[in-house]
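The values are calculated or read from the model by the stated rules, or taken from the named source; none is laboratory data. Keep in mind that this is a model prediction, so the values were computed, not measured. As a convention, Cβ positions derive from the backbone with ideal geometry for all residues, glycine included, and neighbour counts pool all protein chains shown.
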């Protein structure tokens, strides 16, 4: 057994005086209790949003894509904007669980479960947009690689849009597997303490008969590590491929080589903001402040200011290169972005994404929960505008002034977007009620190194001189 | 903990011999190339100096970057051998200084028939595109950016080391300096964003092909120099370990460095591919000229070697866990990676000025050897000056029990 | 599938568990398995378990995905139905990379998860005997398989001496079976 030690300079990740059993109790409590009134209100609100979304989509499918505001010049509008926005949000979950696992960041344990759930739901929402954007949605299966009815004619594997099909579906599948493999042991925990037969049976099914033998855990850890190793480049690849949708083209404002890493940075940025929005609510409603601590919030705010600044560097790089390139079309594209009729969207993007996160340089604000909550929403508004700017304001001033155009969404477009919020929050409310929102086994794993009460007991180790400590450790092995 | 590194005569002699090789190559180059009437030879004299000085300056700043990044992320794993990047970073002034001298000499003193074969923008001579870039690409701007960049990097190189040394003397359990270090690290990242992640590679490297542009270029340069910087750190750690120093470093720490080499080789490939594929796919002539000469022209052998050395080899050799924990494979791969990214910079810089007449001959190898010698000499001096292990770093005990 | 008799010891701390496992292994009793609520690092070494080769399986699945993708797309675009897309070569490798990468990851991940379930013998509807209801909560359980000749009292006394705070004897199925967790099995004596 390895020594459970962590430096006292690190903040504890679990507050309060917790034992293993207490951890189980705290996290399982929301599942075993009747949901609160707040939960019901939220849930039914989400369901009604979802129904409105279903109606909006029905309207569009029935009448055709013409009911949307998009036109010949601006062929991609809210639909693709929302698609990219949701996919971007879907990135933080896998980032938290995979990259932070590889980087051995212990604080991921408090937030990864909810973040991964968010990923899956966000990707579900994202997937709706390109599908219904196709117009004749009943032919959507043409994207699948099979020789279709017109002879052995295949989809175009050279098309960035088809890459998207593969990327998004792979991302969804792998995220789901990663998430579920972590859930299996926690379902077993709920199963073994279930009081009602129904719960025992359902969680028995969901837990796959997990009992937690040493060998199973050994394989489980190997699986988590490899899935993390696979998911890390996968996260990068997904938004990279989304960026290829634009960057492989020759449209000024779209064709730029920085797009892949800059989209990824932006995705992480918006994903973390969404995690903040959700977790600040979850920790409050389910009284999980001791597991999702201020330390967690502060760290995520640091990621937000970092990625926000990276995105800022990318914006400025793009702008600079448009001038530096000497290509008048590039220069015009940026002129129309910043000074054209859509100027407000560019400045909304700049102020929400680059300027406002700079507040997080101040420790006081990083640890201020209401401020963080507001900021997390501001950031996601900004990231929505980023996609809007990239898509709409690169299209609306065509090469031919005769086809210059302007675009506003119609109600079915807005309804569709609201509907995905309904879908997202319906799923999230169900998740929060029936699933452990914090990874129980993983919290227990770090409890004795990072739990507040255990850290206090490490004082004698901290007192020891380093030489003595090194000497002891050498002989312990 | 106090642990001293004594420069072995062998190391000193090797480094001095390499420096001698470099000086001989430089002197011979001076007579043979600089004074020759062949324009290609004259250009070769300078571009090789630029290639090596820029490469080593960027590799050195990678050490400062990893110090800043791990300080901010509270990384415990690197504390065991933190003095190595600190010592490399403390020599920023030297390699940055050489780069400044070489770059400014090229801008101000090198011209053939009234134009500058390396930085064409120095004398645009009515070239409409270069005239258009004049607000950025001009000697004053270049000088200002270059000098300020190197000055800032050198300052932070000294600063991180100074804080770390001060921590050694601070009373036990005091964390004030530790958190101060984090603040300095955050500040450095801002500087880094505005230099290495944007302007510096534009000016030092991309402006060699002054017509061409790519928004990703700086991030790509960062990836290339960062992974070679980590490889340099790896080489030093393994060397010190072999000398019987760095007792608290074990395979767990080597494993982590190996992971960095692996992961950032993949990251480099990702950026390489993103830049290449987007230009290949869109097929706009202004952009594809860059890859035309490299991929299908006289540089194709280097283009493919670059890809094989920097991607295929690391991914195949470093993927397995045992190979990241084996001192021989990691040393071998670290050397390969340093060479591979040196080659990467070679293929970025040579085609513009030299065209088809590139060489990888006595002069290139000699100057590279000289820089390696100087790197070994300078860094070993810095390492020997102070204890090899930090004393009061709050994460020191964590690093001792570190599990990869 | 076999019904066997087990001596069960429960520990409440992993610090007690490690010496106990050493003692059990030295005692000559047949260690059936150890159940923990979360992964305990070093437990596999303490029990003398082999490293898992799951990642090698993952590598093989990944390579399969890579070759499937490259082979399939190359065959389609060079042999089955070559089409000129924007003047690009029929075999345009850079454009195949994204899908190749995605399929590599997909094959590796799905394959590994299925292998993981197969190796661990877990699946929806599978039931395994739970020695202690809190073995997935805060209890570390060591199960020793008893033969007909072992004295139960002796084993239990030995287990007590290793620091167990609860010991008992259970007759149970040692493998998995299809069943429901809401039903008590007839032969469970606990």
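Based on what the data block shows, is residue A:318 part of a helix (DSSP H, G or I), out of contact with any helix residue (DSSP H, G or I) (no Cβ under 7 Å at 6 or more places or on another chain) and over 20 Å from residue A:431 (Cβ atoms)? Outline the logic, then answer.
On the way: part of a helix (DSSP H, G or I): yes; out of contact with any helix residue (DSSP H, G or I) (no Cβ under 7 Å at 6 or more places or on another chain): yes; over 20 Å from residue A:431 (Cβ atoms): yes.
Yes; evaluated as a whole, the condition is true for this residue.
Residue B:74 passes all but one of (1) out of contact with any strand residue (DSSP E or B) (no Cβ under 8 Å at 6 or more places or on another chain); (2) touching a residue at least 24 places away in the same chain (Cβ under 8 Å); (3) part of a helix (DSSP H, G or I); which number fails?
Against the list (1) out of contact with any strand residue (DSSP E or B) (no Cβ under 8 Å at 6 or more places or on another chain); (2) touching a residue at least 24 places away in the same chain (Cβ under 8 Å); (3) part of a helix (DSSP H, G or I), residue B:74 comes up short only on (3).
Of all residues in region A:324-339, how many are buried (at least 18 other Cβ atoms within 10 Å of the Cβ) and in a helix (DSSP H, G or I)?
Total satisfying the criteria: 7.
Give the residue, chosen from A:239, A:255, that is in a loop (DSSP other than H, G, I, E, B), more than 9 Å from chain C (Cβ to nearest Cβ) and within 30 Å of residue A:126 (Cβ to Cβ).
After applying the criteria, what remains is A:255.
One line per residue, one yes/no per condition, for (1) modelled with pLDDT under 90; (2) crowded, with 24+ Cβ neighbours inside 10 Å; (3) at the interface with chain C (Cβ under 8 Å from one of its Cβ atoms); (4) in contact with a helix residue (DSSP H, G or I) (Cβ under 7 Å, 6 or more places away or on another chain):
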| residue | (1), (2), (3), (4) |
| --- | --- |
| A:127 | no, no, no, yes |
| A:133 | no, no, no, yes |
| A:141 | yes, no, no, no |
| A:144 | yes, no, no, no |
| A:152 | yes, no, yes, yes |
| A:167 | no, yes, yes, yes |
| A:176 | no, no, no, yes |
| A:181 | no, no, yes, yes |
| A:188 | no, yes, yes, no |
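crowded, with 22+ Cβ neighbours inside 10 Å and within 11 Å of chain A (Cβ to nearest Cβ): which single residue out of B:179, B:226, B:188, B:222 fits that description?
Criteria check complete, one pass: B:222.
Please list, ordered by residue number, the strands (runs of 3 or more DSSP E) wholly in region C:121-175 having 3 or more residues that are more than 18 Å from residue A:184 (Cα to Cα).
Ranges flagged: C:140-146, C:166-173.
Spot the failing condition for residue A:234; the list is (1) more than 7 Å from every other protein chain (Cβ to nearest Cβ); (2) crowded, with 21+ Cβ neighbours inside 10 Å; (3) assigned to a helix (DSSP H, G or I), and only one is missed.
Residue A:234 satisfies all of (1) more than 7 Å from every other protein chain (Cβ to nearest Cβ); (2) crowded, with 21+ Cβ neighbours inside 10 Å; (3) assigned to a helix (DSSP H, G or I) except (1).
Within region A:3-25, can you find the residues that are within 16 Å of residue A:445 (Cα to Cα) and more than 10 Å from chain C (Cβ to nearest Cβ)?
If the condition is that a residue be within 16 Å of residue A:445 (Cα to Cα) and more than 10 Å from chain C (Cβ to nearest Cβ), then A:3, A:5, A:6, A:12, A:13, A:14, A:15, A:17, A:18 are the ones that fit.
Do any helices (runs of 4 or more DSSP H) lying entirely in region A:367-477 carry at least 1 residues that are more than 14 Å from every other protein chain (Cβ to nearest Cβ) and farther than 30 Å from residue A:337 by Cα, and which ones are they?
It comes to A:369-395, A:411-434, A:452-456.
Among the residues of region C:88-116, what is the count of those that are facing another protein chain (nearest Cβ under 7 Å), closer than 30 Å to residue C:184 by Cα and surrounded by fewer than 19 Cβ atoms within 10 Å (Cβ to Cβ)?
Here the count works out to 0.
Within 19 Å of the chain's Cα centre (by Cα) and surrounded by 15 or more Cβ atoms within 10 Å (Cβ to Cβ), is that true of residue C:142? Lay out the reasoning, then the answer.
Values: within 19 Å of the chain's Cα centre (by Cα): yes; surrounded by 15 or more Cβ atoms within 10 Å (Cβ to Cβ): yes.
It is true that residue C:142 is within 19 Å of the chain's Cα centre (by Cα) and surrounded by 15 or more Cβ atoms within 10 Å (Cβ to Cβ).
Consider region A:198-231. How many of its residues are more than 7 Å from chain C (Cβ to nearest Cβ) and more than 16 Å from the chain's Cα centre (by Cα)? Don't jump to the end; show me each part of the working.
Step one: list which residues in region A:198-231 are more than 7 Å from chain C (Cβ to nearest Cβ), which gives A:198-199, A:202-203, A:206-207, A:224-225, A:228-229, A:231.
This time we only want the ones that are more than 16 Å from the chain's Cα centre (by Cα), so: A:198-199, A:202-203, A:206-207, A:224-225, A:229.
The qualifying residues number 9.
If residue B:238 passes every condition in (1) within 14 Å of another protein chain (Cβ to nearest Cβ); (2) surrounded by fewer than 24 Cβ atoms within 10 Å (Cβ to Cβ); (3) within 20 Å of the chain's Cα centre (by Cα) but one, which one does it miss?
Here residue B:238 meets the rest and fails (1).
Output the residues belonging to region C:8-42 that are away from every other protein chain (no Cβ under 13 Å), over 27 Å from residue A:184 (Cβ atoms) and under 22 Å from the mean Cα position of the chain (by Cα).
Once the filter is applied, which keeps residues that are away from every other protein chain (no Cβ under 13 Å), over 27 Å from residue A:184 (Cβ atoms) and under 22 Å from the mean Cα position of the chain (by Cα), region C:8-42 yields only C:30.
Restricting to region A:53-71, what's the tally of residues that are in contact with a helix residue (DSSP H, G or I) (Cβ under 7 Å, 6 or more places away or on another chain), over 16 Å from residue A:138 (Cα atoms) and buried (at least 17 other Cβ atoms within 10 Å of the Cβ)?
Count: 4.
Which condition number does residue B:140 fail, the rest of (1) surrounded by 14 or more Cβ atoms within 10 Å (Cβ to Cβ); (2) assigned to a helix (DSSP H, G or I) being met?
Going through the list (1) surrounded by 14 or more Cβ atoms within 10 Å (Cβ to Cβ); (2) assigned to a helix (DSSP H, G or I), residue B:140 breaks only (1).
Does residue A:115 qualify as being at pLDDT 85 or above, within 23 Å of residue A:15 (Cβ to Cβ) and surrounded by 24 or more Cβ atoms within 10 Å (Cβ to Cβ)?
yes
Return the residue satisfying two criteria in turn: it lies in region B:115-159 and is over 18 Å from the mean Cα position of the chain (by Cα) and over 19 Å from residue B:204 (Cα atoms), and of such residues it is farthest from the other protein chains (Cβ to nearest Cβ).
By that ranking, first place goes to B:159.
Out of (1) more than 25 Å from residue A:12 (Cβ to Cβ); (2) free of Cβ contacts under 8 Å to residues at least 40 places away in the same chain; (3) crowded, with 20+ Cβ neighbours inside 10 Å, the odd one out for residue A:283 is which?
(1)
Can you say whether residue B:141 is touching a helix residue (DSSP H, G or I) at 6+ places or on another chain (Cβ under 7 Å) and closer than 28 Å to residue A:311 by Cβ, as far as the supplied structure shows?
Answer is no for this residue.
Return the only residue of C:85, C:77 being within 11 Å of chain A (Cβ to nearest Cβ) and in a helix (DSSP H, G or I).
Of the residues listed, the single one that is within 11 Å of chain A (Cβ to nearest Cβ) and in a helix (DSSP H, G or I) is C:77.
Being within 14 Å of chain A (Cβ to nearest Cβ) and either in a helix (DSSP H, G or I) or surrounded by fewer than 15 Cβ atoms within 10 Å (Cβ to Cβ) (or both) is true for just one of B:332, B:328, B:311, B:307. Which residue is that?
B:311
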